[in-house]
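Below is one structure, written out as structure tokens; comments come after it.
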Amino acid sequence: MDSGRMKNMVVLKDLPSNIIDEAIVVLKPNIKVGAGLRTRPDNQKSTTDDKIGTADYIINEAQMVISNYISNIENAKKMKYENVKRIESRYKILRAVVIAVTVLGLLNYFIKLI
């Protein structure tokens with residue numbers, strides 16, 4: 001690979017995820033990190049660690065993007081699971097109603113035969 005292109009890549013290892021083992025982040029070209037643009041993950045408090053290096057900032061930014069993506073996927077799976085559970089409960093109720101109506105219909109038919 002071209003060494004110029006490799007300068008715009010960061011490899012993240014040992015991520016706190018069950019899904020992702022290693023991630024390669026490709027950075028946008030010619031973007032400078034300003035002092036006012038630094039962000040922190042939600043779980044970190046603002047302490048005396050205001051001197052974040054550019055490399056640390058890039059890694060933190062990439063980890064936040066990846067963790068947000070993973071959490072969105074997990075939330076979608078959770079919502080899908082909840083929808084399936086709701087549909088299954090409706091199916092069980094409808095099945096019981098159909099069985100009850102069938103039994104009542106058969107009883108009515110046999111009573112009319114007599």
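Conditions (1) modelled with pLDDT under 95; (2) exposed (fewer than 10 other Cβ atoms within 10 Å of the Cβ); (3) under 22 Å from residue 13 (Cβ atoms), marked per residue:
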{"residue": "37", "(1), (2), (3)": "yes, no, no"}
{"residue": "45", "(1), (2), (3)": "yes, yes, no"}
{"residue": "60", "(1), (2), (3)": "yes, no, yes"}
{"residue": "96", "(1), (2), (3)": "no, no, no"}
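So is residue 50 loosely packed, with under 10 Cβ neighbours inside 10 Å and at pLDDT below 90 or not? Steps first, answer last, please.
On the way: loosely packed, with under 10 Cβ neighbours inside 10 Å: yes; at pLDDT below 90: yes.
Yes; evaluated as a whole, the condition is true for this residue.
The values are calculated or read from the model by the stated rules, or taken from the named source; none is laboratory data. Keep in mind that this is a model prediction, so the values were computed, not measured. A quick note on method: Cβ atoms are made from the backbone with ideal geometry, for glycine too, and the neighbour counts reach across all protein chains shown.
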